[in-house]
1. If I go through the range 65-74 residue by residue, how many of them are of a type outside the set (Phe, Trp, Tyr) and touching a Pro at 6+ places or on another chain (Cβ under 9 Å)?
2. Hand me the list of helices (runs of 4 or more DSSP H) wholly inside the range 276-376 holding 3 or more residues that are under 12 Å from Arg220 (Cα atoms) and at pLDDT 95 or above.
3. Consider Thr221 carefully, then state whether it is among the hydroxyl-bearing types (Ser, Thr, Tyr) and touching a residue at least 60 places away in the same chain (Cβ under 8 Å).
4. Kindly indicate whether any position in the range 163-176 is surrounded by 14 or more Cβ atoms within 10 Å (Cβ to Cβ) and closer than 19 Å to Leu249 by Cβ.
5. Which condition number in (1) within 13 Å of the ligand (Cβ to nearest atom); (2) in contact (Cβ under 8 Å) with a residue 40 or more places away in the chain is the one that Met141 fails?
6. If a residue has to be among the basic types (Lys, Arg), farther than 20 Å from Ile42 by Cα and out of contact with any His (no Cβ under 9 Å at 6 or more places or on another chain) to count, how many in the range 113-156 make the cut?
7. Output the number of the condition that Gly261 fails; it satisfies all remaining conditions of (1) in contact (Cβ under 8 Å) with a residue 12 or more places away in the chain; (2) under 21 Å from Ala110 (Cβ atoms).
8. Find the residue count for the range 16-61, including only residues that are buried (at least 17 other Cβ atoms within 10 Å of the Cβ) and among the hydrophobic types (A, V, I, L, M, F, W, C).
Amino acid sequence: MTAEDAPFLNTYARFPVELVAGQGCRVRDAQGRWYLDACAGIAVMALGHRHPTVAAAVQRQLDQLWHTSNLFHVPVQSAFAERLAGSMGGGAVFLCNSGAEANEAAVKLARKHHWLRDDPREEVLVLEGAFHGRTLMTLAMTPRPAYQAPFGPLPGGVRVAAPEDAATAVSARTAAVFVEPVQGEGGCRSLLHLLPGLREACDAHGALLVYDEIQCGLGRTGRWCHAPAPDLTTFAKALGGGLPLGALLTNPALSGTFTPGDHGSTFGGNPLACAAGLATLDVILAEDLPARCGRLGARLRAGLEATGASVTGEGLMLAAHLGRPAGPVLTAMRERGVLTCGAGPESVRFLPPFVLSEAEADELLAVFAEAVSVTA
Ligand SMILES: *Cc1c(COP(=O)(O)O)cnc(C)c1O
């Protein structure tokens, strides 16, 4: 059986590469060829592959305890929650396994918040270009006809606004506004300039402001936190250092909203994932990697712009918009030893590990420039 014949449901158009190993910013295929990994598991491998601090933390936890359920206290899980909340300005954490689950928890919490105040609100406001996940509710919050059409009826209560009009769309019916500070699947579109207006509108109408930091969070944009502070934040992708881990973080005022029985997850906050996540947060903070993302991002951006591409995004979350199909460029890059992914049909997305070196950034740029020129 070849990899292409494996009995999977047909949900992914996979690249014809079989990966078997990784180290730092590089991955190796089954034929022994190494690639520079500028996709990093879709913004997951912030510290690169098999970072020694993360590996040691997971190994220690492997020797202690793998899973207990959330019916008991587990020290590594508590330490992880404390580090995440503590580094973000306080509040309380619900741990889950993925981004979609973190956003589902945020919708439930927002609705309960209003229900507790005898002001039940259904409406969840999302922005055009958003991506919030693939479960039925988060799919309803991902306004793309091609993704949604076959799967109706989707849960109700979702309203869509153009990013520039979102603040004026907030009303006394709005339970929560969900925004990715930098939209990921939407093409690395920075919405940082809209956050103050959204904060003001939410405050005026008593709506909760939710930052979906699942792709752009934890330093990738060059910032550890995005301002002004939201009411709720969702994380996943890089949070578990490569193991599946998601989180909903509330501000301190909302930390009492859920009570036992409101929500739960069998695997959420799995000890191995928390050990990897705790080590990952520690390294990102100790080495001030958000600042590094900002510096490296500026270098990468300048190099991409020098090829004539129009570039959007922040830090190490960039998209080069080509004005022609990106597929051939992705293929030409792969043939030259660099893996990355698209962001829509005409854009190449760069989501490298935070630990990318200057030399690796330049290698990436040289390969991109050559791929653009040979496919022109
Ligand atoms: C990837 C992503 C999600 C969904 O995360 P999963 O772990 O795939 O469920 C949600 N929001 C954003 C911004 C994402 O990039």
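The values are calculated or read from the model by the stated rules, or taken from the named source; none is laboratory data. This structure is a prediction, so every number in the text was calculated from the model and none was measured. A quick note on method: Cβ atoms are made from the backbone with ideal geometry, for glycine too, and the neighbour counts reach across all protein chains shown.
1. Residues meeting the conditions: 4.
2. 289-306
3. Values: among the hydroxyl-bearing types (Ser, Thr, Tyr): yes; touching a residue at least 60 places away in the same chain (Cβ under 8 Å): yes.
It is true that Thr221 is among the hydroxyl-bearing types (Ser, Thr, Tyr) and touching a residue at least 60 places away in the same chain (Cβ under 8 Å).
4. Of the residues in the range 163-176, the ones surrounded by 14 or more Cβ atoms within 10 Å (Cβ to Cβ) are 163, 166-167, 169-171, 173-176.
Keeping just the survivors that are closer than 19 Å to Leu249 by Cβ gives 175-176.
Yes, there is a match, as at least one residue in the range 163-176 is surrounded by 14 or more Cβ atoms within 10 Å (Cβ to Cβ) and closer than 19 Å to Leu249 by Cβ.
5. All conditions pass for Met141, except number (2).
6. Final tally of qualifying residues: 1.
7. Single failed check for Gly261: (1).
8. 14
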